[in-house]
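Please read the structure below before turning to the comments.
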Ligand SMILES: Nc1ncnc2c1ncn2[C@@H]1O[C@H](COP(=O)(O)OP(=O)(O)O)[C@@H](O)[C@H]1O
Ligand SMILES: [Mg+2]
């Protein structure tokens, strides 16, 4: 039972041409909750994140963020996008701008903050992700794990109500995965509402309130990590887990 819903999807359907990518999706994420989404490649996980953030339109259903239905288009849309931050597999930092400028940019353009105020907030957030001493470097001077932490700081700089992560560690060398997951764990402890697509089962077990398993555009299971990992109900989930947990 949802107690304080922040993100609500009701009967959401999405097509790419004739491909039915999201099928009757019902999902509620409460304020402060961490929901991990897992599932085979092509099951619609990225598309789900992108519809929540309105980077993609939907054909039917309803998406409500903090009690407000997502508008189809227009100015309110940009505002809503700022309310839900997104962190991608590829960090998408501006290569020719400093770390500090990367974190400040949207604050200036979207939030209309003054430069001094934006930079002060950026430095706070860089401190929070452990990069206070790297503010004046350029992205190429940082490791992948550090760049992803800059991307997280940049998302936080918009003061989002929720953060979506789409495979945030998939492009990282193994030794850098943990520093990013640790920042995400800290955000979770601080009460951030998070939807996280990941193959990091350790993170799912330890940080998620719920695990949502998707296959073929449907939510097949939506349960606690404990219940999901110890006793998956569906054959699809059993099959998926046996493959992913083997190595
Ligand atoms: N822009 C697009 N145009 C057409 N088909 C797409 C597009 N993006 C994704 N798809 C297809 O939609 C399905 C779901 O993709 P995606 O949401 O990326 O899955 P996942 O993130 O779970 O791997 C896949 O079959 C994929 O090929
Ligand atoms: Mg994906």
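Read the figures in this text as sums done on the coordinates, not as results from a lab. Note that this is a predicted model, so its numbers are computed, not measured. So basically every Cβ, Gly included, is an ideal-geometry build from the backbone, and we count neighbours across all protein chains shown.
Could you order the peptides 146-155, 58-67 from most to least packed, using the average number of other C-beta atoms within 10 Å per residue? Intermediate values should be presented prior to the final figure.
On the way: 146-155: 25.3, 58-67: 15.0.
Ranked by mean Cβ neighbours within 10 Å, highest first: 146-155, 58-67.
What does the C-alpha gyration tensor say about the overall shape of region 73-177? Classify as rounded when a/c is under 1.5, otherwise prolate if a/b is larger than b/c, or oblate.
On the way: a/c = 1.97, a/b = 1.24, b/c = 1.59.
The shape class here is oblate.
Can you give me the angle between helix 115-128 and the longest principal axis of the chain, using Cα atoms only, in degrees from 0 to 90, rounded to the nearest 10?
Compared with the principal axis, the helix lies near 60 degrees.
Relative to the longest principal axis of the C-alpha atoms of the chain, give the angle of the C-alpha long axis of helix 99-109, reported between 0 and 90° and rounded to the nearest 10°.
The two axes meet at around 80 degrees.
Over region 88-247, what relative contact order in percent results from Cα pairs under 8 Å that are six or more residues apart?
Details: 187 pairs, mean separation 30.0, N = 160.
Relative contact order, region 88-247: 19 percent.
Give me the one-decimal nm value for the distance between modelled label points at residue 13 and residue 182, 7 Å along each residue's Cα-to-Cβ direction.
4.7
For residue 115, put the label point 7 Å out on the Cα→Cβ axis and report which residues of region 134-162 keep their amide N under 16 Å from it.
It comes to 136, nothing else.
Going 7 Å from the Cα of residue 95 in the Cα-to-Cβ direction, what parts of region 141-175 have a backbone nitrogen less than 13 Å from that spot?
141
Once you have a ≥ b ≥ c as the square roots of the Cα gyration tensor eigenvalues for region 114-238, tell me rounded if a/c is under 1.5, and otherwise prolate or oblate according to whether a/b is larger than b/c. Working shown, then result.
On the way: a/c = 2.67, a/b = 2.04, b/c = 1.31.
Judged from the Cα gyration tensor, region 114-238 comes out prolate (a/c at least 1.5, a/b above b/c).
If r is the Cβ-Cβ distance from residue 234 to residue 206 and R0 is 25 Å, what FRET efficiency results, to the nearest 0.05? Display every interim value, and only then the final one.
Details: r = 23 Å, r/R0 = 0.92.
Approximately 0.60, to the nearest 0.05.
Starting from the Cα of residue 83, step 7 Å along the direction of its Cβ; do the same at residue 245; then give the gap between the two resulting points in nm.
3.8
When the C-alpha atoms of the chain are aligned to their principal axes, what extent does each axis show, in angstrom, from largest down?
Cα spread of the chain along its principal axes, largest to smallest: 52, 44, 36 Å.
Got the relative contact order for region 20-164 handy, in percent, Cα pairs under 8 Å and 6 or more residues apart? Could the numbers behind the result be given before it?
On the way: 147 pairs, mean separation 37.6, N = 145.
This gives 26 percent for region 20-164.
Angle check, please: helix 174-189 long axis (alpha carbons) against the longest principal axis of the chain (alpha carbons), in degrees 0 to 90, nearest 10.
Helix 174-189 sits roughly 90 degrees off the main axis of the chain.
By per-residue mean of other Cβ atoms within 10 Å, what is the highest-first order of 209-216, 175-182?
On the way: 209-216: 21.0, 175-182: 17.9.
For the peptides 209-216, 175-182, the packing ranking is 209-216, 175-182.
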